[in-house]
Structures are given as C-alpha cells and as structure tokens.
Amino acid sequence: QVQVMESGGGLVQPGGSQRLSCTASGSIFSINAMGWYRQAPGKQRELVAHIISGGRTNYAEFVKGRFIISRDNAKNTVYLQMNSLKPEDTAVYYCCAYIRPRESGGWNNYWGQGTQVTVSS
C-alpha cells in the first residue's frame, strides 16, 4: 500500500509565504517525479511545479520566480516554498508522486488528498 500525504496549508496574507510538504510512504520500490498541482473553485486542476529524482525542475509560468520546489529523496518528501503569494493562488494544492510499488513492476501516479491554501487579508 502506498500513501501520499500533504501538509502545510492554511490562511496567509497577500505577499506572505507558506511552505507545503508532501511525503510518500508505504511499500515503495522507487519514486521518479514528484509534483504539485492546484485546483481553484470552478477551474480545472493545473500543474504548479514538479521535480524528478535527479533534481531537474519545471514550473508553471504563473509561479516562476515566486515558488520553489525541492525534494529530499531520503525522506520521500517534496516541498513547495511559496513566496509573494497572491489571492489568485488560493486553491486546493495536491501532491502527486510517480511511484513503483515493491509488489508491482509497474509505475503509477499516486495523489494526496489535497491541502487548502487561502490567500486573503
């Protein structure tokens, strides 16, 4: 069984910062990419940033220069440091990890339950 769990959401004022964490646990053989997506009310889920096991990163244009994704492979954990937050960053943020479980030879995407980030004064 593989689980992915996010933490760190909450209410933050515009211009503020917040850090999200996501840890994959369970019967894991290997993890390739880990990433963050978000979904605002009435909108589709969209990619925020992702990072592969070698450390290469990719960011959506709307967060470049403000958000930083990082990863601790030893802890199966990915972080999202969010700076200069704007009200339009308000959304549920989801973690996704591309994992090969020990019991299976195949790779699958595993999603967390999501964590709410609200940017408001």
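Some observations on this one:
- If the condition is being open to solvent by 30 Å² or more (accessible area, probe 1.4 Å) and either at pLDDT below 95 or small (G, A, S) (or both), then the stretch 33-51 contributes P41, G42.
- When the stretch 54-109 is filtered for residues that are open to solvent by less than 10 Å² (accessible area, probe 1.4 Å) and among the aromatic types (F, W, Y), the ones remaining, listed by number, are F67, Y93.
- Pairs where the first residue, in the stretch 93-121, is under 21 Å from E46 (Cα atoms) and the second is open to solvent by less than 10 Å² (accessible area, probe 1.4 Å) and aromatic (F, W, Y), C-beta under 8 Å, 6+ apart: Y93/W36; Y94/W36; C95/W36; C96/W36; G114/Y93; T115/Y93; Q116/Y93; V117/Y93
- Residue count, the stretch 60-92 (criterion: closer than 14 Å to M34 by Cβ, free of Cβ contacts under 8 Å to residues at least 40 places away in the same chain and among the aromatic types (F, W, Y)): 0
- Members of the stretch 10-30 found to be within 14 Å of the chain's Cα centre (by Cα) and surrounded by 16 or more Cβ atoms within 10 Å (Cβ to Cβ), listed by number: Q18, L20, S21, C22, T23, A24
- V117 over 25 Å from F29 (Cβ atoms) and touching a helix residue (DSSP H, G or I) at 6+ places or on another chain (Cβ under 7 Å): yes
The values are calculated or read from the model by the stated rules, or taken from the named source; none is laboratory data. Only a predicted model underlies this, so the values are computations on that prediction, with no experimental measurement involved. Using ideal geometry, Cβ is built from the backbone for each residue, glycine included, and neighbour counts are taken over all protein chains shown. Ligands, DNA and RNA are stripped out before the accessible areas are found, and what is left, the full protein with its side chains, is counted by its heavy atoms. Shrake-Rupley method; radii C 1.70, N 1.55, O 1.52, S 1.80 Å.
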